[in-house]
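**Q** My structure is below; once you've seen it, I'll send some questions.
The values are calculated or read from the model by the stated rules, or taken from the named source; none is laboratory data. Keep in mind that this is a model prediction, so the values were computed, not measured. Heads up, the Cβs are rebuilt from the backbone with ideal geometry, glycines too, and the neighbour counts pull from every protein chain shown. Heads up: the accessible areas ignore ligands, DNA and RNA and are worked out on the full protein's heavy atoms, side chains in. Shrake-Rupley method; radii C 1.70, N 1.55, O 1.52, S 1.80 Å.
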Amino acid sequence: MSLSLTERLKLNFLEQDRWKYMVRGLGTTLLITVVAAAIGILLGFVIAVIRSTYDKTGHLKILNAVCKVYLTVIRGTPTTVQLMIVYFIIFSSVNKPLLSAFIAFGLNSAAYVAEIVRSGIMSINPGQMEAGRSLGLSYRASMWYIIIPQAFKNVLPALTNEFIVLLKETSICMAISLKDLTYGSTLISSQTYDYFLPLIMTALIYLVFVMLLTWLFGILERRLRSNERR
Amino acid sequence: MSADERQILFDIQGLEKSFADNHVLRGITTQFRKGDVTAIVGPSGCGKSTFLRSLNLLEEPTGGRILFEGTDITAPGVDINRFRRKVGMVFQQFNLFPHLTILENITLAPVKLHILSKQQAVEKARFLLDRVGLPEKADDYPAMLSGGQQQRIAIARAMAMEPDVMLFDEPTSALDPEMVGEVLEIMRELAQTGMTMIIVTHEMGFAREVATRAMFIDEGVIKEDEKPAEFFSNPKNQRLVDFLSKVL
């Protein structure tokens, strides 16, 4: 017995309000992405500043060493394994999958953001820092008002890329039974025995949100670049 | 020489600077007084830029002392940021902040250092833009300006801090020839107001006309330090004679 497309759509998404699996899952996926991206940006910038300060001045030697170990471990191990370590080992006594995902993806993203931002900071002409310091601004103030804004603008395309990867990578949340978008679609499949439509729909939703993200960052990038016009 | 009553701004005692095993400054001792307009010349690689950059500690001296207005700024624990407010710097590559408007370039430091309120700083910036002849550029970004205009803005930016002395590191070397004049003109006007200036330059004509003092640095030491008239028409050091014969 074969169903028509309309019937299959009905079966997979309308009957028993199965679309709610997708919508709730999408909410979880977006929530994890946003929180992890926030942690990633915050921690990533701090690490980038520590690392580039060491590269340029030789100060913060110990902090730099700590950051380097952190980057090596995070970038050297699979995200899925990190996520499972956080959930099954670190938070083993409490069942907190969402919190585990925030932390695992946040810490993971921070490592990549840190190196992206560091490359941006290092690419700024040393004369910019010297100009700031010669006016009496502290190293910190020069970094904050002069270097970081320029570095941020330069690395925005790479950051966009990182957040696209982050959004898609949250689909491994299934490993800790967290009901994200991808898991939502498999829940539907397990009830309807149809994999095709839920998965295609899931892929489309990811695609739409990646395109949305790209578009938003594109607007931001154009706005920041407007002062380069001659 | 008759007793000079003018305040000593910089008192430099045996200044040395090495990069790894490259001994660039080999003991420089001199003083700069209020109102001095000093042109520093010398062959490339002689250490003149390093010397200038040492004066506001962009290069950290490896030996000797620098006293500024009586305070040893090379001593540990000195508030370098506070000292640098008093010492303006103009760079060869201008180093304007490309992400800020011209007005923001000039007001950034006075506002962030809480020296002026935002409004006071803007008023001051507009006054300085008038002085360097670019009042209409306030809301432009540096990339929209020519090199000469950018350097005039850089001078205004340094002046906004009301420094006691201004350092110029080859301020016209990165400029197209037709833009050199406009920058030198601003510097000439600045000198006429009594600003203390220390200028590393290749502009011998400017050094001769505007400077009150000409200094020849070679092999990391001061080899001649004279009034410009004497310096250019009657040089004593043989290396200076050779140098002038090549550049004049």
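**Q** Where does segment A:135-213 land on Rg/Rh, using Cα atoms and the Kirkwood Rh?
**A** Reported Rg/Rh, Kirkwood definition of Rh: 1.30.
**Q** Also, quick follow-up: Please compute the net charge surrounding A:GLY184, taking Lys and Arg as +1 and Asp and Glu as -1 over other residues with Cβ under 11 Å from its Cβ.
**A** Numbers: positive: A:ARG18, A:LYS20, A:ARG24, A:LYS179; negative: A:ASP180.
After counting each charged neighbour, the total is +3.
**Q** Suppose R0 equals 51 Å. What FRET efficiency, 1/(1 + (r/R0)^6) with r the Cβ-Cβ distance, do A:GLU7 and A:TYR70 give to the nearest 0.05?
**A** 0.45
**Q** Buried accessible area between A and B (1.4 Å probe, both chains summed, ligands and nucleic acids excluded), in Å² to the nearest 100?
**A** On the way: alone 13140 and 11700 Å², together 22830 Å².
What A and B bury together is about 2000 Å².
**Q** What lysines does A:LYS96 reach when the alpha-carbon gap must be under 23 Å and sequence neighbours fewer than 8 apart in one chain are set aside?
**A** Counting by Cα, and skipping residues close in sequence, A:LYS96 has these lysines nearby: A:LYS20, A:LYS168, A:LYS179.
**Q** Sticking with this structure for a sec: How much length is gained if the chain between B:ILE8 and B:VAL78 is pulled fully straight, taking 0.36 nm per residue apart and subtracting their Cα-Cα distance, in nm to one decimal?
**A** Result: 23.3 nm gained on full extension.
**Q** Could you order the peptides A:46-58, A:95-107, B:12-24 from most to least packed, using the average number of other C-beta atoms within 10 Å per residue?
**A** So the peptides A:46-58, A:95-107, B:12-24, ranked by packing, come out A:95-107, A:46-58, B:12-24.
**Q** Okay, moving on. For a protection proxy built on the mean count of beta-carbon atoms within 10 angstrom, sort A:178-184, A:29-35 highest first, please.
**A** A:178-184, A:29-35
**Q** Out of residues 5 or more away from B:PHE168 or on other chains, whose amide H comes under 5 Å of its own, with H placed 1.01 Å from N in the peptide plane?
**A** B:VAL90, B:ILE198, B:ILE199, B:VAL200
**Q** I've got another one for you. Carbon and sulfur: what percent of segment A:5-229's accessible surface (1.4 Å probe)? It would help to have the intermediate numbers written out before the result.
**A** Working: 7860 of 11410 Å².
The nonpolar share, carbon plus sulfur, comes to 69 percent.
**Q** Which Cα, out of B:LEU96, B:ALA207, B:SER117, lies furthest along the positive dipole direction of segment B:83-235 (beta carbon charges, K/R +1, D/E -1)?
**A** Result: B:SER117.
**Q** A further question follows. For segment B:143-191, what is the relative contact order in percent, using Cα pairs closer than 8 Å and at least 6 residues apart in sequence?
**A** Relative contact order here is 52 percent.
**Q** Oh, and also: Accessible area per residue of segment A:5-229 at 1.4 Å probe, in Å²?
**A** Per-residue value: 51 Å².
**Q** Moving to a separate point now. Set the Förster radius R0 to 51 Å, insert the Cβ-Cβ distance between A:TRP144 and B:ASN234 as r into 1/(1 + (r/R0)^6), and round the FRET efficiency to 0.05.
**A** 0.45
**Q** Further, regarding this structure: Please report, in Å, the Rg and the Dmax of segment B:117-222, where both are computed over Cα atoms only.
**A** 14.8, 48
**Q** Next question, about the same structure. Within a 10 angstrom radius of each residue's Cβ in B:83-89, how many Cβ atoms of other chains show up on average? Whole number is fine.
**A** Numbers: counts 1, 6, 4, 1, 3, 3, 5.
What the average comes to for B:83-89 is 3.
**Q** Now, a different point. For B:GLY64, what residues show an amide H to amide H distance below 5 Å, using hydrogens built from the backbone and excluding near sequence neighbours?
**A** Here the answer is B:GLU16, since their amide H atoms fall under 5 Å of that of B:GLY64.
**Q** Okay, next question. Carbon and sulfur: what percent of segment B:1-119's accessible surface (1.4 Å probe)?
**A** Looking at segment B:1-119 in its full context, I get 47 percent from C and S.
**Q** Once you wrap a convex hull around the alpha carbon atoms of chain B, what is its projected area averaged over all directions, in nm²?
**A** 14.1
**Q** 7 Å from Cα along Cα→Cβ at both A:LEU224 and A:VAL23: what's the point-to-point distance in nm?
**A** My value for the distance between the label points is 3.5 nm.
**Q** Also: How big is the protein assembly as shown along each principal axis, measuring the range of its Cα positions in Å and listing the largest first?
**A** 111, 46, 42
**Q** In a shell of Cβ-Cβ distance under 13 Å around A:TYR54, excluding A:TYR54 itself, what net charge do Lys and Arg (+1) and Asp and Glu (-1) give?
**A** Local charge sum for A:TYR54: +4.
**Q** Show that you can apply the helix-only estimate: for chain A, add -39,500 (n - 2.57) for every DSSP H stretch of four or more residues, divide by all residues, and state [θ] at 222 nm to the nearest 500.
**A** -25000 deg cm²/dmol, from helical runs alone.
**Q** Using all Cα-Cα distances in segment A:5-229, what percent lands in each 5 angstrom bin from 0 up to the longest?
**A** 1, 7, 12, 15, 15, 13, 11, 9, 6, 4, 3, 2, 1, 0, 0
**Q** Angle between the Cα long axis of helix A:19-57 and the longest principal axis of chain A, 0 to 90 degrees, nearest 10?
**A** So the inclination is approximately 20 degrees.
**Q** Here is the link list: B:LYS17/B:LYS227; B:LYS17/B:LYS48; B:LYS48/B:LYS112; A:LYS56/B:LYS223. Which ones come out longer than 23 Å on Cα distance? It would help to have the intermediate numbers written out before the result.
**A** Values: B:LYS17/B:LYS227 27 Å; B:LYS17/B:LYS48 11 Å; B:LYS48/B:LYS112 32 Å; A:LYS56/B:LYS223 34 Å.
Beyond 23 Å: B:LYS17/B:LYS227; B:LYS48/B:LYS112; A:LYS56/B:LYS223.
**Q** Determine by what factor the alpha-carbon radius of gyration of segment A:174-214 differs from 2.2 N^0.38 Å, reporting the quotient.
**A** That ratio works out to 1.24.
**Q** Per residue of chain B, what 222 nm ellipticity follows from adding -39500 (n - 2.57) for every DSSP H run with n ≥ 4, rounded to the nearest 500?
**A** Result for chain B, helices only: -11000 deg cm²/dmol.
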